[in-house]
Amino acid sequence: MTVLDALQQRAKIRPAHIVLSEGHDPRIVAAAIQATRSGLAQITLVGDTQAVTNTLSAAGGVPSAQLLIADPDTHPLTNNIATAFYELRKHKGVTPEAAAKVIRDPLVFAAMLVRMGHADGTVGGAVATTSDTVRAALQVIGKAKDAALVSSFFLMVLPEGHPSGRAAMIFSDSGLVIEPNAEELAAIAVQSAASYRALIQDTPKIALLSFSTKGSARHPNVSKVSQAAALLAENHPDLDADGELQFDAAFVPSVGNTKAPGSPTAGQANVMIFPNLDAGNIGYKIAQRIGGCTAIGPILQGLAKPANDLSRGCTADDVLNMIAVTALQSAALKGTI
């Protein structure tokens, strides 16, 4: 069974209710039909009723108890959602009239359904930009009380039979935090370790990446990473983590043994923490386009409830995988996995 098959099978054990904010998109609809028919999740498609119905019909699907349509213009909860959004954002100058208009945005409407407990998580971004998708999640759902920040990661599924022996890795932050400081890097590492454990059900081994390994170069950028590693060691001694490490020292056992002998993660890391968004975004795309990895994300972590982004070039299978990830995040937050 592949990593992605395993994610979907585990999500089916406790099917979640996931809201898809772009219910008119054929890829979203195809994934919704597959998710409901396979028992992966209950789905709500947000959008104009006629547009969503037409797309559903063209794909051979019909609304049901497991596949719902929520039109912000006509939904019975619209007035309650507008009132709740006003109370949430009035300190920012939002008026009741503005709130009633803003919640017609499918991204906001979907996020409000999650915030108010009518759904377990939301997925968007097949049509909307990452900035719009993430903004709705941050403004509506917000940061978890115990989270230092909201960050993101990509679940990188390696090709079957990869010579490294790894099946999946986490690359973080590859989509959101542009220039984290040492404290934020350490927090991203802690969040990513928890995400790896929840999704892969294996022990995370964290590498804080740099262009230096164990003092081979001196630079403020290197010092930031080594400081983050020291913070991890001090505050989370239960985690297997090390840094600063170059990628080859983190990934290749022989190189790790040479460059960082005695390291708890060198040569065997499965959670790669990049020093900034430049490195993280470039790194995941190289692994995807040259290395043949399947990249699922950006997946958000540190929110009060799950909300995730899709690439605008996503396929229906990508959407289905993100539904499974979002469902498992919800189960992890509820403590049911």
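Listing for the model above:
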{"read-out": "Cut-off 13 Å between beta-carbons: net charge of the residues surrounding LYS334, Lys and Arg +1, Asp and Glu -1", "value": "+1"}
{"read-out": "SER57 versus ARG166: modelled label distance in nm, points set 7 Å from Cα along the beta carbon direction", "value": "4.9 nm"}
{"read-out": "Amide N proximity, the range 95-116 versus LEU77 label position 7 Å along Cα-to-Cβ, cut-off under 19 Å", "value": "99-116"}
{"read-out": "Residue-averaged [θ]222 nm for the chain, counting only DSSP H segments that reach four residues, each worth -39500 (n - 2.57)", "value": "-13500 deg cm²/dmol"}
{"read-out": "Mean Kyte hydropathy of 0.5 or more with a Cα span along the axis of at least 24 Å, helices from DSSP in the chain", "value": "182-200, 316-334"}
{"read-out": "Accessible area of the chain divided out per residue, in Å², using a probe of 1.4 angstrom", "value": "43 Å²"}
{"read-out": "Where only C-alpha atoms are counted, convex hull volume of the range 237-277 per residue in Å³", "value": "71 Å³"}
{"read-out": "Dipole magnitude of the range 17-118, debye to nearest 20 (Cβ charges: Lys/Arg +1, Asp/Glu -1, about Cα centre)", "value": "260 debye"}
{"read-out": "Within the range 114-145, trypsin sites (Lys or Arg not before Pro) in DSSP loop having at most 12 other beta-carbon neighbours inside 10 Å", "value": "LYS145"}
{"read-out": "DSSP-assigned coil residues among trypsin sites (Lys or Arg not before Pro) in the range 151-224, each with at most 12 further Cβ atoms within 10 Å", "value": "ARG218"}
{"read-out": "Considering only the range 120-254, percent of DSSP beta bridges that pair antiparallel, nearest 5", "value": "50 percent"}
{"read-out": "PHE211 versus ILE13: modelled label distance in nm, points set 7 Å from Cα along the beta carbon direction", "value": "4.5 nm"}
{"read-out": "Part-to-part distance (alpha-carbon centres) for the range 120-150 and the range 206-250, which is given in Å", "value": "29 Å"}
{"read-out": "Relative pair counts by distance (%), Cα atoms of the chain, 10 Å bins", "value": "6, 26, 32, 22, 11, 4, 0"}
{"read-out": "Charge dipole (debye, nearest 20) of the chain; +1 at Cβ of Lys and Arg, -1 at Cβ of Asp and Glu", "value": "200 debye"}
{"read-out": "Kirkwood estimate for the range 232-337, i.e. one over the average of 1/r between Cα atoms, Å", "value": "16.1 Å"}
{"read-out": "Among ALA295, ALA100, THR53 the positive-end extreme of the charge dipole of the chain (Cβ point charges)", "value": "ALA100"}
{"read-out": "Sulfur and carbon atoms: percent of accessible area, the chain [1.4 Å]", "value": "53 percent"}
{"read-out": "Distant-in-sequence amide H partners of ALA70 (H built 1.01 Å from N, under 5 Å)", "value": "LEU45, VAL46, GLY47"}
{"read-out": "Within the chain, percent of DSSP bridges classed antiparallel, to nearest 5", "value": "30 percent"}
{"read-out": "Alpha carbon centroid spacing (whole Å) that separates the range 22-54 from the range 274-337", "value": "20 Å"}
{"read-out": "Inter-label distance for HIS91 and THR315, nm, one decimal - labels placed 7 Å from Cα along Cα-to-Cβ", "value": "4.5 nm"}
{"read-out": "The range 1-139 - Rg over Rh from alpha carbon coordinates, Kirkwood radius", "value": "0.99"}
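The values are calculated or read from the model by the stated rules, or taken from the named source; none is laboratory data. Note that the structure is a prediction, hence the values are computed from the model and not measured. Cβ coordinates were reconstructed from backbone atoms using ideal geometry, including for glycine residues, and neighbour counts include every protein chain displayed. Heads up: the accessible areas ignore ligands, DNA and RNA and are worked out on the full protein's heavy atoms, side chains in. Shrake-Rupley method; radii C 1.70, N 1.55, O 1.52, S 1.80 Å.
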